[in-house]
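Working notes, beginning with the structure itself.
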Amino acid sequence: MSQSITLQKLAELVGGTISTGSPDSVITGLNSLMEAMPGDVTFLGNVRYLPALKTTKASAALVPENLNAEDAREGLALIRLKNPTLAFSHVIRFFGPPALEFTPGVHATATIAAGVTLDPQKVCVGPHAVIESGAQIGDGSTIHAGAYIGRGVKLGEACVIHANAVIKEYCVLGRRVILHSGSVIGSDGFGYEMVQGRHQKIDQVGIVQIDDDVEIGSCTTIDRARFGRTWIGEGCKIDNLVQIGHNCTLGKHCIIVSQTGISGSTRLGNYVTMGGQVGVAGHLEIGDKVMFLAKSGVTKNILEPGAYTGYPARPLMEGRKMLSLPAKIPDLLDRVRTLEKKIAALEGSATNA
Amino acid sequence: MSQSITLQKLAELVGGTISTGSPDSVITGLNSLMEAMPGDVTFLGNVRYLPALKTTKASAALVPENLNAEDAREGLALIRLKNPTLAFSHVIRFFGPPALEFTPGVHATATIAAGVTLDPQKVCVGPHAVIESGAQIGDGSTIHAGAYIGRGVKLGEACVIHANAVIKEYCVLGRRVILHSGSVIGSDGFGYEMVQGRHQKIDQVGIVQIDDDVEIGSCTTIDRARFGRTWIGEGCKIDNLVQIGHNCTLGKHCIIVSQTGISGSTRLGNYVTMGGQVGVAGHLEIGDKVMFLAKSGVTKNILEPGAYTGYPARPLMEGRKMLSLPAKIPDLLDRVRTLEKKIAALEGSATNA
Amino acid sequence: MSQSITLQKLAELVGGTISTGSPDSVITGLNSLMEAMPGDVTFLGNVRYLPALKTTKASAALVPENLNAEDAREGLALIRLKNPTLAFSHVIRFFGPPALEFTPGVHATATIAAGVTLDPQKVCVGPHAVIESGAQIGDGSTIHAGAYIGRGVKLGEACVIHANAVIKEYCVLGRRVILHSGSVIGSDGFGYEMVQGRHQKIDQVGIVQIDDDVEIGSCTTIDRARFGRTWIGEGCKIDNLVQIGHNCTLGKHCIIVSQTGISGSTRLGNYVTMGGQVGVAGHLEIGDKVMFLAKSGVTKNILEPGAYTGYPARPLMEGRKMLSLPAKIPDLLDRVRTLEKKIAALEGSATNA
């Protein structure tokens, strides 16, 4: 991080306008509002950090176009633009460590079975990676150290399979798919039939199909279908430690946050969003643009777009109300007790009358 | 999937009776009700899919014996039998890809320490697998690529340890145990004592014992005992991303669904079932045939067989009621408000009188 | 476990006082109260096991100083001391299997890139482990089989990286850090911006910094910062299957139990404790000595020390009340119904009058 840039050049880099500060002042690093030091550029990405704009030690900040100048510390240089969070990516790339470049070649300790289709001039395979027979690896893909690519797996172009990730036999991945370390794609679905007091395993002979531009987090598990396919649609982004059961279908561009679990055979539409630790029962239908807040429990089909929360999940306002309603009970009890006393008094006077 | 079979042969294969359709018609594939195409056989495994039996494009379906023929699409061949889901396994095996056969031999890149007991003619060890000294591997077992078998581990016959799974030192596995990729058996239990403001680690010197016919999912973690053993009874089936704490005991034939966590020293009876994302506190006793629905939180001993739900977990009917009761509060508030007005009116008239 | 020890020597070993039993009697093993056999020493670590002290088959037990002698089985030798659980560690170490000793050296199958700083006389690297260029490994550290140490990673002295764990590029670990198998440190944080209907990945170029004496469980994932660092303070202990999002900061000596998830940019003070399956929203501030009970959901800043529970998390007493209040609704309904009848009667008589 030994680079520097003038405020003027920085504004050009991020496509913003300097509203406060000298174009010739020099920026030497970057950090968050709270951790920035003099010389750093920072950014206001979330209105909840507005007070920190008054106290930050940064020398410059990327801010929204409509920021009230009085909300910033005096002397803080401001670059105004539409989306500070997104624009800051350019700053990160400028100051950040060099990206790990793609260097084609198969490491001497990798194990590539006979009958694998890959071009060693166009693919990178790390130490101790294993690619089983019949697998096809698209050009521009990287298989990092210790990753396992099962028999007959197909990988599209420019995929990145991180260290120690596992793809089981016959699964099919599109282009630019990223699998993070420790993720497991295509293990057996969880299916048994009770036979004479013992759980008898049901064969799981389907696959997992993952379409273009999907990213899958660390230690996330996606089970192969009983038959047919478990299917992750184009552009889905799945966080760490997520479980997706056999025969599930995710539409395009879904967001599934960490530790969420989706039971077998459930089907999601496009642009479905699930917060962390959500649980979804099996064999359900979830419509386009449905959003479940963190920790929701989903027990029935939900087709209407919108936000839902709670267990069982309800539309947002209703779900929040359900969470807050029990707090009204102590007051209710008091009022009923008062009513009971008043009634007793009235009954008494009625009798006396 | 280039095979075909006549309806007659198919009925024989699954042990069912043709009630509609020509015995000579030819079936060329299989799929679910919703994804099936002409030529496919499908099945009705769950009554909630009954409407799809009217609209499926499949040519034939395995259906329950008592299905009303009017519930099926006209022209759909029907094979009736007791358990369509189970019977469909035969269809899957017939049409499915060839199972990955067991091929004995130790891969050249595997690392087998001195003092390991295994018969290379009867065991399959994959690339870069590691077996530490003193380990014993039963005949017919497969240790897939990158799996780690710690010092002194004992594996029974016909076990399958999938790619990159880990078994730590001295753990003992029975026969036909399956560990899926990324699972970790025998890491240290989570135990500390606070000593002068710092958490001091308590040695975890016990083992994990896993009995015959247990299957353990991907990225599931089962901690070694502080001393003695963490014990998974015969026939238990454990899904992905499950956590089982040190010194837990699971009886026989328990089912633990994904993302459930069982805290240390808790003891389960036989045939216990836990849905997804259940949490169980430590040092508890759970009786035979207790079933916890998804997302339950278990805070005390539960010995009575039956289903439980909610947090804290209650018997099913009571637990469901607890979840639905808050919805009654708005109506209660209205009624109390009405009562208060009426009382005020009555008090007024009583006073006037 | 073929050692034996007299009760007298045992009392000396654990620093306790014999209150019942012959100092010359011989102890040959150890186990829990319920699994112990004659010849074993056991301990009472939790008052809920008090009844088992009457029925245990053990020959001796470590018990709290103030135990009522009548609570123990007649003939059971008792050694009294302050903390039986902690003291039992000495017993475990005496009878336990030999610890896996540290043996320096780099296994022939390990892959150490050019430009790695490590002293092969003072570091242990297991089979198929991979250490990328620029990494620095502190003396006394062990990198177990199949573990992956990314480019430029710094490890302090006496760290233990268990089999198949992964540390991504540029992360920095202090001294005596333990990473259990399958854990993934420094994968990309989960960050996207919606651009023209697609989730565009935001570069994650920061690191994870882990300070001295931290222990991290199996299959736990800690994401690298977007920029700057995700920071785990000195002495934190993190259980299995935990998720810690990008740019989180954990203070010193926090305890995070299994399956808990902490969303991005949340900051914890010192001595924070989280039970299992807790979920914490992003961008929050949690104060010193705050404790969340299992399954809590944390949606706002909590700065006041103390215990919290429920979703949303509330102070313990209030949170427990919220969980129990719905049970009062059926009685409330009955009482309101009674009131309504009485009012109707009174209104009738008022009208008649």
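The values are calculated or read from the model by the stated rules, or taken from the named source; none is laboratory data. Just so we're clear, the structure is a prediction, and the values are computed from it rather than from any experiment. Neighbour counts are summed over all protein chains in view; Cβ atoms, including those assigned to glycine, are modelled from backbone coordinates with ideal geometry.
Residue B:210 meets each of the listed conditions (1) more than 9 Å from chain C (Cβ to nearest Cβ); (2) of a type in the set (A, V, I, L, M, F, W, C); (3) on the phi > 0 side of the Ramachandran plot apart from (3).
Let's see how each residue does on (1) more than 10 Å from chain C (Cβ to nearest Cβ); (2) modelled with pLDDT of 90 or more; (3) out of contact with any helix residue (DSSP H, G or I) (no Cβ under 8 Å at 6 or more places or on another chain):
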| residue | (1), (2), (3) |
| --- | --- |
| B:288 | yes, yes, yes |
| B:308 | yes, yes, no |
| B:317 | yes, yes, yes |
| B:327 | no, no, no |
| B:332 | no, yes, no |
| B:335 | no, yes, no |
| B:339 | no, yes, no |
| B:352 | yes, no, yes |
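Scanning the range B:190-214 for residues being aliphatic (A, V, I, L, M) and over 27 Å from the mean Cα position of the chain (by Cα) gives a total of 4. The residue of the range B:75-105 that is nearest to residue B:159 (Cα to Cα), among those that are more than 13 Å from every other protein chain (Cβ to nearest Cβ) and without any contact (Cβ under 8 Å) to a residue 24 or more places away in the chain, is B:104. Annotation note: of C:160, C:166, the sole residue that is within 14 Å of chain A (Cβ to nearest Cβ), under 26 Å from residue C:247 (Cα atoms) and within 23 Å of the chain's Cα centre (by Cα) is C:166. Number of residues in the range B:227-244 that are assigned to a loop (DSSP other than H, G, I, E, B), facing another protein chain (nearest Cβ under 7 Å) and of a type outside the set (Asp, Glu): the value is 5. Scanning the range C:124-141 for residues that are in contact with a Ser or Thr (Cβ under 9 Å, 6 or more places away or on another chain) and surrounded by fewer than 23 Cβ atoms within 10 Å (Cβ to Cβ) yields C:124, C:134, C:136.
With a requirement of 2 or more residues that are over 29 Å from the mean Cα position of the chain (by Cα), the helices (runs of 4 or more DSSP H) lying completely within the range A:1-118 that satisfy it span A:7-14, A:52-55.
Checked across the range C:215-224, the condition of being in contact with a helix residue (DSSP H, G or I) (Cβ under 7 Å, 6 or more places away or on another chain) and either facing chain A (nearest Cβ under 7 Å) or in contact (Cβ under 8 Å) with a residue 60 or more places away in the chain (or both) holds for no residue. Of all residues in the range B:253-279, which are within 11 Å of chain A (Cβ to nearest Cβ), assigned to a loop (DSSP other than H, G, I, E, B) and either under 13 Å from the mean Cα position of the chain (by Cα) or within 26 Å of residue B:169 (Cβ to Cβ) (or both)? B:253, B:254, B:257, B:258, B:259, B:260, B:271, B:275, B:276, B:277, B:278, listed by residue number. Could you tell me whether the range A:45-65 includes any residue that is of a type in the set (S, T, N, Q), farther than 23 Å from residue C:301 by Cβ and either loosely packed, with under 14 Cβ neighbours inside 10 Å or without any contact (Cβ under 8 Å) to a residue 40 or more places away in the chain (or both)? Among the residues of the range A:45-65, at least one is of a type in the set (S, T, N, Q), farther than 23 Å from residue C:301 by Cβ and either loosely packed, with under 14 Cβ neighbours inside 10 Å or without any contact (Cβ under 8 Å) to a residue 40 or more places away in the chain (or both), which makes the answer yes.
Here residue A:133 does not qualify as in the same structural domain as residue A:162 (by TED's automatic domain parsing), in contact with a Cys (Cβ under 7 Å, 6 or more places away or on another chain) and not acidic (Asp, Glu). Scanning the range B:283-298 for residues that are of a type in the set (A, V, I, L, M) and in contact (Cβ under 8 Å) with a residue 24 or more places away in the chain yields B:293, B:294. Take the conditions (1) surrounded by fewer than 21 Cβ atoms within 10 Å (Cβ to Cβ); (2) within 13 Å of chain A (Cβ to nearest Cβ); residue B:282 misses just one of them, which is (2).
Matching residues to (1) surrounded by fewer than 13 Cβ atoms within 10 Å (Cβ to Cβ); (2) in a loop (DSSP other than H, G, I, E, B); (3) among the aliphatic types (A, V, I, L, M):
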position: A:311; (1), (2), (3): no, yes, no
position: A:317; (1), (2), (3): yes, no, yes
position: A:325; (1), (2), (3): no, no, yes
position: A:328; (1), (2), (3): no, no, no
position: A:332; (1), (2), (3): no, no, yes
position: A:340; (1), (2), (3): no, no, no
position: A:343; (1), (2), (3): no, no, yes
position: A:349; (1), (2), (3): no, no, no
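Return yes or no: is residue C:191 under 22 Å from residue A:237 (Cβ atoms) and either more than 12 Å from chain A (Cβ to nearest Cβ) or surrounded by fewer than 24 Cβ atoms within 10 Å (Cβ to Cβ) (or both)? Criteria met by residue C:191. When each of B:218, B:187 is tested for being among the polar types (S, T, N, Q), within 24 Å of the chain's Cα centre (by Cα) and under 20 Å from residue B:265 (Cα atoms), the lone residue that passes is B:187. On the phi < 0 side of the Ramachandran plot, among the acidic types (Asp, Glu) and in contact with a Lys or Arg (Cβ under 6 Å, 6 or more places away or on another chain): is that true of residue B:65 in this structure? Answer is yes for this residue.
When you look at residue C:108, is it under 30 Å from residue C:130 (Cα atoms), at pLDDT below 95 and small (Gly, Ala, Ser), yes or no? It is false that residue C:108 is under 30 Å from residue C:130 (Cα atoms), at pLDDT below 95 and small (Gly, Ala, Ser). When you check residue B:178 against the structure, is it in the same structural domain as residue B:264 (by TED's automatic domain parsing), modelled with pLDDT of 95 or more, hydrophobic (A, V, I, L, M, F, W, C) and crowded, with 24+ Cβ neighbours inside 10 Å, yes or no? No; evaluated as a whole, the condition is false for this residue. Scanning the range B:146-157 for residues that are more than 10 Å from chain C (Cβ to nearest Cβ) and crowded, with 24+ Cβ neighbours inside 10 Å returns B:153, B:155.
For residue C:88, the conditions (1) in contact with a Phe, Trp or Tyr (Cβ under 6 Å, 6 or more places away or on another chain); (2) assigned by TED's automatic domain parsing to the domain that holds residue C:221 are fulfilled apart from (2). Residues of the range C:290-306 that are more than 9 Å from every other protein chain (Cβ to nearest Cβ) and polar (S, T, N, Q): C:296, C:301. Residues in the range B:146-165 that are part of a strand (DSSP E or B) and charged (D, E, K, R): B:154 only. Within the range B:169-188, the set of residues being part of a loop (DSSP other than H, G, I, E, B) and either more than 9 Å from every other protein chain (Cβ to nearest Cβ) or more than 29 Å from residue C:237 (Cα to Cα) (or both) comprises B:171, B:174, B:175, B:176, B:177.
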